[in-house]
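Notes to accompany the following structure.
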């Protein structure tokens, strides 16, 4: 009985401060800023290279303030949900798919066998998975899609003696490294180079080296943390919370029932579906809508093969969607912040102020400054192509004025677009991942990430210095 009371008290303590309040506070701060920060905007024109409206350099001008009203603040929530609908519904389908497959018993039994087979070599999972996720981001611009793998990686990590922070780190620290290198990332490097007038994916050699260094640093850090926690679980800031999460997530490897023929068939469907997904992303340019369709098909087909009745498939799908409700709400609130910034006409004011500072710096420091500005601005505009459309028309001619190559400006942009993706709550995906890991607090994630984040910055400064010294081009 005492253990039960202790568990209830722990759950009550952990739920005392809902992470949703963090985004609510940000919404209130942005609403207040709309009354203080001068309103301004850049003129925009359509760019074929970016296939979007881009700002016209030198066109910034002040406009009348459009402060956020109380009603506007309330409406921003539903508008944020609508703006993020494609990700929200993608998450609902992911949750439904995994719930259906889990209902057949195939996923847990299959993963439990894998975990048992890797006993004593658990740490090998980290570099293997991170290389896969990192390459997906560097070459194919994958990021939001990786949310589909959070439940699987979390279950494996908790079963292997790691913590939930390791699970999120394996996926999203690798993704940030991939976006930092952005070797053939069409949504960041491709769009930015098009706006800057550079050949598509030119300068690849330095970006390959950058990706290798960033990913190596990330793998070393995540592995160090994981092995440290495995040796002494209480060192993890999520130790108590993970004990509760593990009760419904971790795999029982002591008594693993043999896989039935149906369960083996379900796993084959799942593996083939993932393989088809990778093929579609790499060769056909599949994105959220196509992936959602594939995952839905995997869930339905897996449920039928696994022996679930139609009503049971629907019941499991509903349960899975329910489990994704909180992550979806977090993503909607994050998008509400962006809507408030845009409607108050203060987003352009911020980039204008930041770029004005860079104009006064020597070339090497200007390159560093461009990176810092992009990394900070990425908090406000987490969309890679959206950030490129706003900042690159300013940064490209600014590079000409301070003696930098435009390729260096693109390099600063792609790294600046990458690192705060896993730190900024406005992106929504990282909050969704934390919520999927049993509601890990954003504060604990920040504490975990900060040392690696600083190492990424050091790598960025080194590579930008190299770019300045070698006159990184072609121009």
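Each reported figure results from applying straightforward, stated rules to the coordinates on display, with no laboratory input. Just so you know, these numbers come straight off a predicted model, no measurement behind them. Cβ atoms come from the backbone with ideal geometry, glycine included; neighbour counts cover every protein chain shown.
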Query raised in the report: Roughly what angle does helix 261-279 make with the longest principal axis of the chain, taking Cα atoms, 0 to 90 degrees, to the nearest 10?
Result: 10 degrees
Report summary line: Protection proxy (average C-beta count within 10 Å per residue), highest first, orders 157-164, 315-322 as 157-164, 315-322
Report summary line: Assertion target for 54, 379, ordered by fewest C-beta neighbours within 10 angstrom first, is 379, 54
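Can you give the calculated 222 nm mean residue ellipticity of the chain, where each DSSP H run of n ≥ 4 adds -39,500 (n - 2.57) and the sum is split over every residue, rounded to the nearest 500 deg cm²/dmol?
For the chain, the value works out to -22500 deg cm²/dmol.
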**Report entry** Nearest-0.05 FRET efficiency for residue 52 and residue 264, computed from C-beta distance (R0 45 Å)
**Finding:** 0.45
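In what order do 401, 415, 330 fall by count of nearby beta-carbon atoms within 10 Å, going from fewest to most?
401, 330, 415
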Report task. Using only Cα atoms, find the angle between the long axis of helix 363-380 and the longest principal axis of the chain, and express it within 0 to 90 degrees, rounded to the nearest 10. Result -> 50 degrees
Query - Within the stretch 133-156: backbone nitrogen closer than 11 Å to the residue 282 label point (7 Å, Cα to C-beta) - result: 136, 140
Report task. Any chance you could run the full-extension gain for residue 274 through residue 322? It's 0.36 nm times the residue separation minus the Cα-Cα distance, nm to one decimal. Result -> 14.9 nm
Report summary line: The alpha-carbon center of the stretch 18-75 and that of the stretch 135-153 are separated, in whole Å, by 29 Å
Report summary line: Between the Cα axis of helix 310-323 and the main Cα principal axis of the chain, the angle (0 to 90°, nearest 10) is 50 degrees
**Report entry** Residues 61, 225 arranged by fewest to most Cβ contacts within 10 Å
**Finding:** 61, 225
Report summary line: Across 5 Å bins beginning at 0, the whole-percent shares of Cα-Cα pair distances in the stretch 429-475 come to 5, 18, 16, 13, 12, 10, 9, 9, 6, 1
Report summary line: Taking only the Cα positions of the stretch 330-475, the convex hull volume per residue in Å³ is 106 Å³
Report task. Taking only the C-alpha atoms, wrap a convex hull around the stretch 192-251 and report its volume per residue in Å³ as a whole number. Result -> 161 Å³
Report summary line: Quick shape summary for the stretch 186-331, equivalent ellipsoid via Cα gyration tensor, semi-axes whole Å in descending order, reads 35, 27, 17
Query raised in the report: Using the alpha-carbon centroid of each, what span in Å lies between the stretch 286-326 and the stretch 431-475?
Result: 34 Å
